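Take a look at the structure below.
Throughout, read-outs are computed from the coordinates displayed, never taken from laboratory work. All figures in this text were calculated on a predicted structure; none of them were measured in a lab. FYI the Cβ positions are ideal-geometry reconstructions off the backbone, even for glycines, and counts take in every protein chain you see.
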Amino acid sequence: AQSVTQLGSHVSVSEGALVLLRCNYSSSVPPYLFWYVQYPNQGLQLLLKYTTGATLVKGINGFEAEFKKSETSFHLTKPSAHMSDAAEYFCAVSEHTGTASKLTFGTGTRLQVTL
Amino acid sequence: EPEVTQTPSHQVTQMGQEVILRCVPISNHLYFYWYRQILGQKVEFLVSFYNNEISEKSEIFDDQFSVERPDGSNFTLKIRSTKLEDSAMYFCASLLSGGTQYFGPGTRLLVL
């Protein structure tokens, strides 16, 4: 069974500061890992994903994440926060089984960006 | 850019009534999903659908729920007799291959 843990349900950073949102996963098979962003009253938008290959993946809006197998982590970072980054961020895992398996989501981290 | 669409955006219904939530996945996609998000909680998997049959379902997806792909474009979720606890945002997603599921904007269902 797969699971995702997101540490910190709320994170607050100042505009221009580093953003770090934590995600740890468990999976019995090699995982696919995703970060989705949800703006208020909107759906889920894919930020970035890791499937295979390079462990540092870059996504939209300046976000990136690094897959660390030894730490079972996939933390999301952005060097400089912008007010428009305020949203809820979900880490998700699916099992890399060759079939299109379900996504299992973490509980989400609400990012607040202050002036 | 192709996108997943869902209708209606909001639906209010009385407890015990049937509701049908509609989704139009991206046209060449092969796998289809429903998820739900109860207010303030995480997104939960309900069901996946491939080749005109359910490929996986969660324990939430009991006999009150059904899915259908009635034609080549629509994918529907039916809740036969709604309960108060069915109030949630319901998301449809579709996938071609390679792991990335594309989500629709959701239908907010309120059961009174």
> Which of the peptides A:9-17, A:104-112 is most tightly packed, and how do the rest follow, going by the mean number of other Cβ atoms within 10 Å of each residue?
Replying inline: A:104-112, A:9-17
> Hey, got the average number of other protein chain Cβ atoms within 10 angstrom for residues in B:26-32?
Replying inline: 1
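Taking the Cβ-Cβ separation of A:Q45 and A:T77 as r and a Förster radius of 22 Å, what is the calculated FRET efficiency to the nearest 0.05? Show your work: numbers first, answer last.
On the way: r = 18 Å, r/R0 = 0.81.
Result of the calculation: an efficiency of 0.80.
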> For the charge dipole of chain B, defined by +1 on Lys and Arg C-beta atoms and -1 on Asp and Glu C-beta atoms about the Cα centroid, which residue among B:L21, B:P70, B:L96 has the Cα displaced farthest towards the positive pole?
Replying inline: B:L21
> Roughly how many nanometres apart are two label points built 7 Å out from the Cα toward the Cβ at A:L18 and A:T5?
Replying inline: 2.2
>> Could you tell me which residue out of A:T77, A:A1, A:W35 lies farthest along the dipole of chain A toward its positive end? Charges go on the beta carbon: Lys and Arg +1, Asp and Glu -1, centred on the Cα centre.
In response: A:A1
> What are the GluC sites (Glu not before Pro) within segment B:4-86 that DSSP puts in a loop, where the Cβ has at most 15 other Cβ atoms within 10 Å?
Replying inline: B:E18, B:E59
> From the cross-link list A:K49/B:K57; A:K49/A:K69; B:K57/B:K83; A:K102/B:K42; A:K68/B:K57, which pairs have alpha carbons spaced over 22 Å apart?
Replying inline: A:K49/B:K57; A:K68/B:K57
> Residue by residue, what Karplus-based ³J(HN,Hα) values in Hz, rounded to whole numbers, does segment A:31-47 have, using 6.51, -1.76 and 1.60 with θ = phi - 60° and x for Gly and Pro?
Replying inline: x, 9, 10, 9, 10, 10, 10, 10, 7, x, 6, 10, x, 9, 10, 6, 8
>> Based on alpha-carbon centroids, what's the gap between segment B:1-68 and segment B:73-112 in Å, whole number please?
In response: 3
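Once fully extended, how much extra length lies between B:K83 and B:I54, figured as 0.36 nm per residue of separation less the alpha-carbon to alpha-carbon distance?
Numbers: separation 29, 0.36 × 29 = 10.44 nm, distance 2.30 nm.
Gain in length upon complete extension: 8.1 nm.
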>> Let me check I've understood the local charge: for A:L33, count other residues with C-beta under 15 angstrom from its C-beta, Lys and Arg +1, Asp and Glu -1. What total comes out?
In response: +2
